[in-house]
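Enquirer: Here you go, one structure.
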Amino acid sequence: MNDPTTRRKVLASSGAIIGGSLAGCMGGGSGDGSGDGGGDGSGGDSGDGSGDGGGGSCSGETYEVGYGDSQTTVCSDNFPTDEKLYVYAVQSGWMNWPSVMEAFNEQYGVQLNDDDRSSGEALQDARSHAQNPTHSAFNGGYTFAIQAMNDGLTQAYKPANWDKVPDNAKTDNGHCTGTRKVTTALTYRKDIFEERGLDEPETWDDLKHPDIMQDLALQTPQAAVGLAAALSINNAYGGSLDDVQPVIDYYNTIQEGGAEFTDNFLAQFTSGEYSSFIRYDYSGLDLKYNVEDLDEEQVGVALLEGPDGNAGAYNALYGYAMLANAPNPEAVKLFMDYVLSIEGQQHFLDAYARPIRAPEMDMPDEFPPQSRYDETQFTVDQTELIEKQESIIQDITRGASI
């Protein structure tokens, strides 16, 4: 495992976390041979009649992309030059996307738009532009990608290394593919907690302490990260996908104590204005080990359970889907391949987001003990969640007045 100090120097670019607002969710021709365009086969028809580069002469570079029935050739002549490649929620300050964007641009000369929005905002925008898409792929919480597919907004494209993705993290039709996983966690200022005489939180009940509620930050369930937090709390208190009253009651309690729903709070966390926030394990670990504004000893990351021992740390899947009638189909196929290559996956791991291809990679030692994940982590039936997600979000938003 790399020395954290060395990691700070290598990953200085992830300091963009402090300045960017965070919200959303990514394939791979790269130099490790594991993800370069279609070396292992490819899959999924494009369905957009966009005319990939293999169909005619190409004066630029050609790349084999895709897996299985999606395998094709793309040509750099068809990559955007005067404009950027638009992929929803690929943005600064989120899961090390700046590093992904920079590396892809360096290798292929394609600059990506810094697309600052949540998964929910991305889905609404994709719906509103269904007849004239502005983006070439949806990226965000996996269930939001499934919703986009169910709305008829996506098309089949299986990126290179699609076969390395677990079956429960992709759709058989090639429309949606998982790229990384994260777990709901509390990140807190250890130095401030110690000054207040507070112990490391272990349960969601611990956050009801007045000295924690007063400057606690979290996000609304319209964002995938906020929905994951809501599901975590709801499960911790015995709720279900049919009963979200436990999390509504919890949100009403902590708001009365001063907790705030906001998207932009990392700068305030660094300054001490917020002493804790609810997001993902990767968020806290990245702050702890990769951002120089705070010493490692100042940041703690806690996986929480319910007061009666119920699991309270939702394991969330993020992924992407190529959009129907994508404005830049060839460039986005190459990008999707890059994200799923080992090189692309490493960018996520550098920020402590667990790549979907983690079993093939060396994992850092800085994660919380596996025993704590085993005690607190859970997931839900994804099919059921997709069916009920919008009503769950509406019920929580109305019930907690957020």
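Enquirer: What single numbered condition from (1) in a helix (DSSP H, G or I); (2) under 27 Å from SER391 (Cα atoms) fails to hold for PHE193?
Expert: (2)
Enquirer: Within segment 202-212, is there a residue that is in contact with a Phe, Trp or Tyr (Cβ under 8 Å, 6 or more places away or on another chain) and among the polar types (S, T, N, Q)?
Expert: no
Enquirer: Among (1) modelled with pLDDT of 95 or more; (2) of a type in the set (A, V, I, L, M, F, W, C); (3) within 30 Å of LEU294 (Cβ to Cβ); (4) in a loop (DSSP other than H, G, I, E, B), which single condition is VAL110 missing?
Expert: In the conditions (1) modelled with pLDDT of 95 or more; (2) of a type in the set (A, V, I, L, M, F, W, C); (3) within 30 Å of LEU294 (Cβ to Cβ); (4) in a loop (DSSP other than H, G, I, E, B), VAL110 misses (3) alone.
Enquirer: Taking the conditions exactly as written (surrounded by fewer than 22 Cβ atoms within 10 Å (Cβ to Cβ) and more than 17 Å from ASP249 (Cα to Cα)), does ASP205 satisfy them or not?
Expert: So ASP205 does not fit the description; no.
Enquirer: Might you check whether a residue that is under 16 Å from the mean Cα position of the chain (by Cα) and surrounded by fewer than 24 Cβ atoms within 10 Å (Cβ to Cβ) occurs anywhere in segment 369-379?
Expert: Filtering segment 369-379 down to residues under 16 Å from the mean Cα position of the chain (by Cα) leaves 379.
Of the ones still in play, those that are also surrounded by fewer than 24 Cβ atoms within 10 Å (Cβ to Cβ) are 379.
Yes - at least one qualifying residue is present in segment 369-379.
Enquirer: Looking only at residues in segment 140-176 that are in a helix (DSSP H, G or I) and of a type in the set (Ser, Thr, Tyr), which one is surrounded by the most Cβ atoms within 10 Å (Cβ to Cβ)?
Expert: That would be TYR142.
Enquirer: Where residues in segment 224-264 are under 21 Å from TYR188 (Cα atoms) and not in a helix (DSSP H, G or I), which of them is modelled with the lowest pLDDT?
Expert: ASN264
Enquirer: While we're here: For segment 64-94, give me the residue count where each residue is modelled with pLDDT of 95 or more and in a loop (DSSP other than H, G, I, E, B). Walk me through how you get there before you give the answer.
Expert: First, pick out the residues of segment 64-94 that are modelled with pLDDT of 95 or more: 64-80, 84-91.
Cutting the leftovers down to in a loop (DSSP other than H, G, I, E, B) gives us 66-67, 71, 79-80, 84, 86, 88-91.
So the count comes out to 11.
Enquirer: Sticking with this one: If I filter segment 310-364 down to residues being aromatic (Phe, Trp, Tyr) and within 14 Å of the chain's Cα centre (by Cα), which single residue comes out as nearest to ASN173 (Cα to Cα)?
Expert: Initial filter on segment 310-364 (aromatic (Phe, Trp, Tyr)): 314, 318, 320, 335, 338, 348, 352.
Remaining after also requiring within 14 Å of the chain's Cα centre (by Cα): 314, 318, 320, 348, 352.
Details: TYR314: 26, TYR318: 18, TYR320: 14, PHE348: 26, TYR352: 30 Å.
Among those that are aromatic (Phe, Trp, Tyr) and within 14 Å of the chain's Cα centre (by Cα), it is TYR320.
Enquirer: Kindly indicate whether GLN214 is closer than 23 Å to ALA353 by Cα, in the same structural domain as TYR373 (by TED's automatic domain parsing) and polar (S, T, N, Q).
Expert: Numbers: closer than 23 Å to ALA353 by Cα: no; in the same structural domain as TYR373 (by TED's automatic domain parsing): yes; polar (S, T, N, Q): yes.
Against the criterion (closer than 23 Å to ALA353 by Cα, in the same structural domain as TYR373 (by TED's automatic domain parsing) and polar (S, T, N, Q)), GLN214 does not qualify.
The values are calculated or read from the model by the stated rules, or taken from the named source; none is laboratory data. Everything quoted here is computed from the prediction, not taken from an experiment. In this analysis, Cβ positions are derived from the backbone assuming ideal geometry, glycine residues included, and neighbour counts consider all displayed protein chains.
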